[in-house]
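Just below is one structure, and these are the notes that go with it.
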Protein chains: 2
Amino acid sequence: MPQPPVKDIAFTLRRIAGLDAAMEEGLFPDLEADLVEAVLEEAARFAAERMQPLDAIGDQQGARFANGSVTMPDGWKALYRDWTAGGWNAIAGPAEFGGQELGTGLAAAVSEMWNHASMPFALGPLLTIGAVEALTKHGSDALKQVYLEKLVSGEWMGTMNLTEPQAGSDLAALRSRAERRDDSSYRIFGQKIYITYGEHDLTENIVHLVLARLPDAPAGVKGISLFLVPKFLPDESGAPGKRNDVVCHSIEHKLGIHASPTCTMLFGEGTVEGEEPGAIGWLIGEENRGLACMFTMMNNARLMVGMEGVGIADAAYDKALAYARERRQGKATRLAPGAEASGGMSPIVAHPDIARTLLTMKGLTDGARAIAFSCAVAIDRARAHGESDPDKARFWQERANLLTPVAKAFSTDVACEVASLGIHVHGGMGFVEETGAARLLRNARITPIYEGTNGIQAIDLVARKIGQSGGEAVAALFAEWRETLSELSRRNTAEFGETAALLNAALADLEAATDYLLGCLEAGETETALAGATPYLRLFGLTASGIWLAKGALADPGRVALCRFVAENLVPETAGLKRTVVSGAASLAAAHDLLVAEAM
Amino acid sequence: MPQPPVKDIAFTLRRIAGLDAAMEEGLFPDLEADLVEAVLEEAARFAAERMQPLDAIGDQQGARFANGSVTMPDGWKALYRDWTAGGWNAIAGPAEFGGQELGTGLAAAVSEMWNHASMPFALGPLLTIGAVEALTKHGSDALKQVYLEKLVSGEWMGTMNLTEPQAGSDLAALRSRAERRDDSSYRIFGQKIYITYGEHDLTENIVHLVLARLPDAPAGVKGISLFLVPKFLPDESGAPGKRNDVVCHSIEHKLGIHASPTCTMLFGEGTVEGEEPGAIGWLIGEENRGLACMFTMMNNARLMVGMEGVGIADAAYDKALAYARERRQGKATRLAPGAEASGGMSPIVAHPDIARTLLTMKGLTDGARAIAFSCAVAIDRARAHGESDPDKARFWQERANLLTPVAKAFSTDVACEVASLGIHVHGGMGFVEETGAARLLRNARITPIYEGTNGIQAIDLVARKIGQSGGEAVAALFAEWRETLSELSRRNTAEFGETAALLNAALADLEAATDYLLGCLEAGETETALAGATPYLRLFGLTASGIWLAKGALADPGRVALCRFVAENLVPETAGLKRTVVSGAASLAAAHDLLVAEAM
């Protein structure tokens, strides 16, 4: 039974992302080390014993659509029931509505485990949590009373209805519309596509959060409002009552996440007999301010999609490592201790090229985890400082803002890369579906796309995040990293090899690229800056990975070797990336005609 | 109807890989420019009009197995019939047996087109051609008379039966056995797995080339012999006669290439009623020398798997570019000429990040093509010089040997990378199977694995190829590249930007890494050298791509912009790769314990 890497998860959360330090500062009075460890152990057990065995069947059966209904794979309904009964859906929810308020850091950590076991399962609750966040921050008291407790516990699930055929990355093009009714409710009309868990049989009600325009709304993104539209309208007692005018039209046939229904949803098609058309909904937040509410969901969701990436990468590494320890081919010079050659053949893990592949997988995964958890703990710190220390709250909020696009994009790029390498380690067997390695790549491939493509994340990082507080937010992070590197230089034992020098060089590359981009933005050369956005995000992610792994290695000698491998083998990519960021834009502009010419 | 990029293909073959120069030297008397162009145009038409439309149905239906038989997808039998009737299977076969002897260069070029249209279709004939090569070079006259004409025309197809459950990359572990019979034939027994096109209904006979051991064979790879085992034993007239004792036991359920049956084959299970068990076969080449014969097939097959990579990458780029020109989202600063914003939205190709993605796809693809075609033309040159000029023949054979692992591994890595980026350009739609972008990634993922994993290719490059003739073969290639770079420096117009400086730096990186590896090998530090094999192959491929694209750009001003983009955006990765090759091995060794420790 493959267990999630609970030791690495706990160490990264507590020692690298700084949960221990924050607990020592007294920021999280409800948390203590023993509790953290207990929660993680329990989650790892549930993930491995209950969830993971149902992932393959979920992939094979997929979500099945017929007559507007979606049937989930065998065993998933019971799994979901037991998972929510264990309180896992409520881990970070507000205490007032039954949540445990254990924080985003711990939520991210357990999320990695669910995704390690079955990312298509974990995906559904991710959206429920987004709905909880949006409702908690922006919902009216009336809405909260009806919906929050059920969403926090997981009795009902939530969805995010943003995308329309003509409006994906560009929400300004959104056309779904809302009409005001007399009783402060609204009627919603329109078609939404790619709605994850838009319809299913896991819960008796589904709470859709839907972006739509009012008749008198301004054009563009400043004319979008957010509505809550339940599948069944709650009756007086709060139980699901009459069917609402929202239906699932069809589900997509996808590369991966087969068990996760990706729905086309129709609102207001007059599907409820005896009722006038229009799905009944209630406003969340203010009219025309839906985008801000939506971003409350999105930011959390982006981090949690990053956790999907880390969890898949974990799973791919664990699977590949297990195979490489068993499978014997050829004779390696280096024989693993305790792994004698049998029949003259060595386990393939003993071959340097396979070892490089596995260490690359682990290095990227551990780096991505460190980034994502650092982002999660920054969110918790911002919340903990709250109104008592608004400067610190702002500082940590900006840190979280800065790290969110990196956590989302770097982790999910890593997931695709690591899952692909995982197939490779398995050789021909990796290409056979029964092995399960290919499924991880198929599932991973959506993660760089949804919740804002990784291109959008890179643009967000460059255009909106590095410039926060005039560049001070990013400078503060770099200063923190310099401290780690100073300590590394002081402690520079032989085991670290060239780690210190190479990480210093990487940080210098990142600082130079950051200065260059900030200069472009200041000069109004947005196009030039955006041309380097994707390589910049990779540069950021690799540097962060190397330095945070060094922080971990300074705290635990058992982690020096991997840190050194990353510094000496993966981090050197930063030199080329910096060059691309600071001098690649001109050639991009020059080559652009190749792409638009009618015939080449 | 998507057309393969016939202009790019013709240009790369003629001007970069040097087919024109070789024709001018009189090396290929049967070829001339008009013929080359005509063949390419005709292949492009067949690929786009006949083959491509059947690829999606092939993926959806897949090869279907029942009762030992495989039924190919609807329309594939007629497609194969028409394709062979057009003479395409015979393009490079020996004239004595009906082949057209147009050379490996042209064969590689048309192969790219078949793979652009339907890689799972093109895969079958790839193996037939391998069988033709092995039989032509090593077969007895008697075998040639019976089999070659039919294999050259494609009337029968061929297979390669190497892998067994315990013997994949390590053929020394092979267990299938052969017994001598009185009449100079043999009886073959054993199980083979992952046999591509091992069973199907495209042709009335299938000719298996099978590796097996004789009872008195030495252990290891020096005890392996190659046998020809037909599905049906030819009768006196040469027509398929009695069934042979070889059956398909099952086919694999795979990530991709669904239409290509991947078979488990059983030899000698006593499946023919009234006959004693044992599949009847005939020796190809000498007893116990099967590996050499097999490598005759393998080398050609490796190059042609490289062409699969190029063809898939092409197709992914074409599809993504077409989508990016149509799909409108957001407002870009740069509006494409002739592509006015509609409804305020720009085609996504106008966004710098999408443009970078597309140019990265095209740059990698064009580079991979230049490498593969250069390898193909080197093979043709070696053959053309033949015995008349053995020094030149050896020179070009060593060039071909050197480039084969790069052509295989770099192209197929690029295929996975480009196909993945192609999905990304499509956004959510890329994850939906109907779009076809995901299919390309699913098909691509096998190409780094089969015909020797890319790890094996990298080891081959480092351990056997760069040391050819004491390093002179690789030095000669670098010298040729220096000439191109000298001309580039002389012609260094503003349009080239920093291309010359960056390509010179890349070549310096490659030379330094090569010297380092040769030094390791000389010092007997094989382990250290092999630790850097995979990054070295990537370094080789990127440098080759940049310099050969520069050669093209010097010949055609329309190609300067892409060359510059590659030099300024992709090639700078070489600095980090060189660093990894020359100083990454120590950390790999230090971290190795992490992989073999029982618990971490």
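Bear in mind these aren't lab numbers, they're just calculated from the coordinates by the rules spelled out. Note that the structure is predicted; figures quoted are calculated from it, not measured. Glycine gets a Cβ as well: all are built from the backbone with ideal geometry, and neighbour counts include every protein chain shown.
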**Study point:** Averaged over B:573-583, number of beta-carbon atoms from partner chains that fall within 10 Å
**Key:** 5
Review point. Mean Kyte-Doolittle of at least -0.5 and a Cα length of 24 Å or more along the axis: which whole DSSP H helices of chain B meet both?
Key: B:104-138, B:290-326, B:352-385, B:390-425, B:472-490, B:499-522, B:533-555
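Once you charge only the Cβ atoms, +1 for Lys and Arg and -1 for Asp and Glu, what is the size of the charge dipole of the range B:454-585 about its Cα centre, to the nearest 20 debye? Let's see the in-between values first.
Details: 11 positive and 16 negative charges, 56 e Å.
With Lys and Arg at +1 and Asp and Glu at -1, about 260 debye.
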Review point. Of the listed peptides A:544-550, A:590-596, what is their order by residue-averaged count of other C-beta atoms within 10 Å, with the highest listed first?
Key: A:544-550, A:590-596
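When the expected Rg is taken as 2.2 N^0.38 Å, what fraction or multiple of it is the alpha-carbon Rg of the range A:455-587?
Details: Rg = 15.2 Å, N = 133, 2.2 N^0.38 = 14.1 Å.
In units of the 2.2 N^0.38 Å rule of thumb, it is 1.08.
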Revision key, fill the gap. With A:Glu495 itself left out, Lys, Arg at +1 and Asp, Glu at -1 over residues whose Cβ is under 11 Å from its Cβ give +3
Point to revise | Shielding by partners, peptide A:243-252 (average Cβ within 10 angstrom, other chains) | key: 1
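Strictly greater than 57 Å: what percent of every Cα pair in the protein assembly as shown meets that?
Working: 112160 of 719400 pairs.
Across the protein assembly as shown, Cα pairs with separations above 57 Å total 16 percent.
Take the alpha carbon gyration tensor of the range B:208-280, find the square roots of its eigenvalues, order them as a ≥ b ≥ c, and report rounded if a/c is under 1.5; if not, report prolate when a/b exceeds b/c, else oblate. Display every interim value, and only then the final one.
On the way: a/c = 1.76, a/b = 1.06, b/c = 1.67.
Verdict is oblate for the range B:208-280.
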Check your understanding: Over all distinct alpha-carbon pairs, what is the Kirkwood Rh of the range A:6-138 in angstrom?
Key -> 16.0 Å
**Study point:** Cα-based convex hull volume of the range B:1-84 per residue, rounded to whole Å³
**Key:** 134 Å³
Exercise for review: Take the cross-link list A:Lys150/A:Lys231; A:Lys254/B:Lys408; A:Lys331/B:Lys192; B:Lys7/B:Lys319; A:Lys144/A:Lys192; B:Lys192/B:Lys254 and give me the ones stretching past 19 Å between alpha-carbons.
Suggested key: A:Lys254/B:Lys408; A:Lys331/B:Lys192; A:Lys144/A:Lys192
Exercise for review: With a bin width of 10 angstrom, please list the P(r) values of the range B:156-287 as percents of all Cα-Cα pairs, from the 0 bin to the one holding the largest distance.
Suggested key: 13, 45, 33, 9, 0
Check your understanding: Can you give the calculated 222 nm mean residue ellipticity of chain B, where each DSSP H run of n ≥ 4 adds -39,500 (n - 2.57) and the sum is split over every residue, rounded to the nearest 500 deg cm²/dmol?
Key -> -17500 deg cm²/dmol
Review point. Can you give the average number of partner chain beta-carbon atoms within 10 Å of each beta-carbon in peptide B:534-540, as a whole number?
Key: 1
Check your understanding: Got the B:Arg45 label distances to the other copies yet, label 7 Å along Cα→Cβ, in nm, shortest first?
Key -> 7.1
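Report the charge-dipole magnitude of the protein assembly as shown in Debye, nearest 20, computed about the Cα centre from +1 at each Lys and Arg Cβ and -1 at each Asp and Glu Cβ. Write out the running numbers ahead of the final one.
Values: 108 positive and 152 negative charges, 108 e Å.
The dipole of the protein assembly as shown has a size of about 520 debye.
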Point to revise | Across the identical copies, how the B:Ala21 labels are spaced - nm, sorted shortest first, 7 Å along Cα→Cβ | key: 5.9
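How charged is the neighbourhood of A:Ala92? Take every other residue with its Cβ under 12 Å from the Cβ of A:Ala92, and add Lys/Arg as +1 and Asp/Glu as -1.
That works out to -3.
Please list the equivalent ellipsoid semi-axes of chain B, computed as the square roots of five times the alpha-carbon gyration tensor eigenvalues, in descending order and whole angstrom.
Working: eigenvalues 306, 165, 120 Å².
Equivalent-ellipsoid dimensions as semi-axes: 39, 29, 25 Å.
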Review point. Considering the dipole of the range A:6-138 built from charges on the beta carbon (Lys and Arg +1, Asp and Glu -1) around the Cα centre, which of A:Ala131, A:Pro29, A:Thr12 is farthest to its positive end?
Key: A:Ala131
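Quickly rank B:526-535, B:175-184 as a protection proxy: mean count of other C-beta atoms within 10 Å, highest first.
Values: B:526-535: 23.9, B:175-184: 14.9.
Averaged packing, sorted descending, gives the order B:526-535, B:175-184.
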Review point. Any idea what the B:Glu96 label distances to the other copies are, label 7 Å down the Cα→Cβ vector, nm, shortest first?
Key: 9.0
